[in-house]
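Here the structure is laid out as structure tokens; the discussion comes afterwards.
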Amino acid sequence: MSEETASSPSLTKKKSLGWMEWMRGWSSVFGEILFQRITASHLQNPLPLPPVNDLTCIVTGSTSGIGRETARQLAEAGAHVVMAVRNTKAAQELIQQWQNEWSGRGLPLNIEAMELDLLSLDSVARFADAWNARLGPLHVLINNAGIFAMGEAQKFSEDGYEQHMQVNHLAPSLLSVLLLPSLIRGSPSRVINVNSVMHSVGFVDPDDMNVVSGSRKYSSVVGYSSSKLAQIMFSSVLFKKLPLETGVSVMCLSPGVVLTNVARDLPRFLQFLYALIPYFIFSSQEGCRSTLFSATDPQIPEYWETLKNDDWPVCPFISQDCRPANPSEESHNTETAQRVWEKTLEMVGLPLDAVEKLIEGEKVQCRYGAQEE
């Protein structure tokens, strides 16, 4: 490599996926659709869980779909479950329903609801403040909530960020960092990010996270897949920054292609096609298995430690068949991942040394919420 090339990284800045990467990405997507039932045929439904009576778990987006099944099954297995949701009334109604159905089968479910709106970074910071103020342990944070506004025009949050990028990446990243004090108290603990095979066709430009520069044409697929790739990249840097002694593991997973409320956003003709292939599509109960596995399997910390010791460039990734998997080639781009990390912290209002400070027990200032108090 010449000195001129080495000193001018901008000359070789990647602007998109190569066509081979793009083809491999879509092959992964369609392969998961066509073969997920076969590859996951060894799994029971529902997935049997080990004893979880000592676990406290926060599950975002838990009033519908995968999150709803995850919260219910963890609660029925004995965990203390916190439903972190926008609509707390709907969550309370669900809790009452589950309690009634569970009546007579054991102790009442240990489950509660707290307000969390991922389209508001203020809400995320306030939630983290309220939880950390309890000074109790957090054993599992499940960043499940997400959106895929298929076919819709580009929209932005109240914070000025593209909605997919905020809900699927920025807000969960802020939540994960701000909850580190509670996660460290709960060590060994886990941060579980419900990702998607769609990250395989994603591309992230850290200088254009909102996809507004014009260098790429926005579509809902671009917004969604980019946000999921950004989540893996951020998680990979967090994975490297958390020392083994913290006992906090971070990972991403694919739930498979699942029949959830995403279908509501499909055009009518696509909803019809979606309904024609029920054999290939997981139910929410099937789709939550990789989440439950990642949250409870006793071998996960050992797997995380092995990857840490091997200096693996990406965070652990669990496939829809509850087996370790390797995310996309682009997710291994450590230079871009570092830039995504720095840009993300800037966008969510945290200093670059936030993680290091929180590990040391220091407080950090966040631009959002009421942290200055």
**Asked** Tally time: how many residues in the stretch 199-237 are under 13 Å from the mean Cα position of the chain (by Cα) and either assigned to a loop (DSSP other than H, G, I, E, B) or of a type in the set (A, V, I, L, M) (or both)?
**Response** 4
**Prompt:** Which of the residues spanning the stretch 114-132 are of a type in the set (Ser, Thr, Tyr) and either within 15 Å of ASN143 (Cβ to Cβ) or in contact with a Phe, Trp or Tyr (Cβ under 7 Å, 6 or more places away or on another chain) (or both)?
**Reply:** SER123
**Request:** Working carefully through the options SER226, SER213, find the one that is in contact with a strand residue (DSSP E or B) (Cβ under 9 Å, 6 or more places away or on another chain) and either touching a residue at least 60 places away in the same chain (Cβ under 8 Å) or farther than 23 Å from VAL258 by Cβ (or both).
**Result:** SER226
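Here is a yes/no grid of residues against (1) under 30 Å from GLN285 (Cα atoms); (2) surrounded by fewer than 23 Cβ atoms within 10 Å (Cβ to Cβ); (3) small (Gly, Ala, Ser); (4) touching a Lys or Arg at 6+ places or on another chain (Cβ under 6 Å):
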{"site": "ALA130", "(1), (2), (3), (4)": "no, yes, yes, no"}
{"site": "ALA133", "(1), (2), (3), (4)": "no, yes, yes, no"}
{"site": "SER157", "(1), (2), (3), (4)": "no, yes, yes, no"}
{"site": "TYR161", "(1), (2), (3), (4)": "no, yes, no, no"}
{"site": "SER173", "(1), (2), (3), (4)": "yes, no, yes, no"}
{"site": "ASN193", "(1), (2), (3), (4)": "yes, no, no, no"}
{"site": "VAL201", "(1), (2), (3), (4)": "yes, no, no, no"}
{"site": "LYS217", "(1), (2), (3), (4)": "no, yes, no, no"}
{"site": "PRO243", "(1), (2), (3), (4)": "no, yes, no, no"}
**Count of residues meeting criterion [of a type in the set (Gly, Ala, Ser) and over 12 Å from VAL197 (Cβ atoms)] in the stretch 20-40** = 1
**Request:** Give the stretch 28-57 a look and list any residue that's surrounded by fewer than 12 Cβ atoms within 10 Å (Cβ to Cβ) and small (Gly, Ala, Ser), or say none.
**Result:** SER41
**Request:** Residue by residue through the stretch 306-333, note down the ones that are surrounded by 14 or more Cβ atoms within 10 Å (Cβ to Cβ) and more than 30 Å from PHE35 (Cα to Cα).
**Result:** LYS308
**Prompt:** Are any of the residues in the stretch 154-169 closer than 21 Å to SER249 by Cα and touching a strand residue (DSSP E or B) at 6+ places or on another chain (Cβ under 7 Å)?
**Reply:** no
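Considering only residues that are among the charged types (D, E, K, R) and over 13 Å from GLU76 (Cα atoms), which ones fall in the stretch 89-111?
Taking the stretch 89-111 as the starting set, the residues that turn out to be among the charged types (D, E, K, R) are 89, 93, 101, 105.
Matches in the stretch 89-111: LYS89, GLU93.
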**Boolean, SER294 is among the polar types (S, T, N, Q), surrounded by fewer than 19 Cβ atoms within 10 Å (Cβ to Cβ) and under 30 Å from LEU49 (Cβ atoms)** = no
**Item:** Failed criterion for TRP131 (all others in (1) within 19 Å of VAL81 (Cβ to Cβ); (2) in a helix (DSSP H, G or I); (3) among the hydrophobic types (A, V, I, L, M, F, W, C); (4) within 16 Å of the chain's Cα centre (by Cα) hold)
**Value:** (4)
**Request:** For residues that are over 12 Å from the mean Cα position of the chain (by Cα) and of a type in the set (A, V, I, L, M), scanning just the stretch 175-191, find the one that is surrounded by the most Cβ atoms within 10 Å (Cβ to Cβ).
**Result:** LEU183
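Rule-based calculations on the coordinates, nothing more; no lab input. Quick caveat, the model's predicted, so the values are computed rather than measured. A quick note on method: Cβ atoms are made from the backbone with ideal geometry, for glycine too, and the neighbour counts reach across all protein chains shown.
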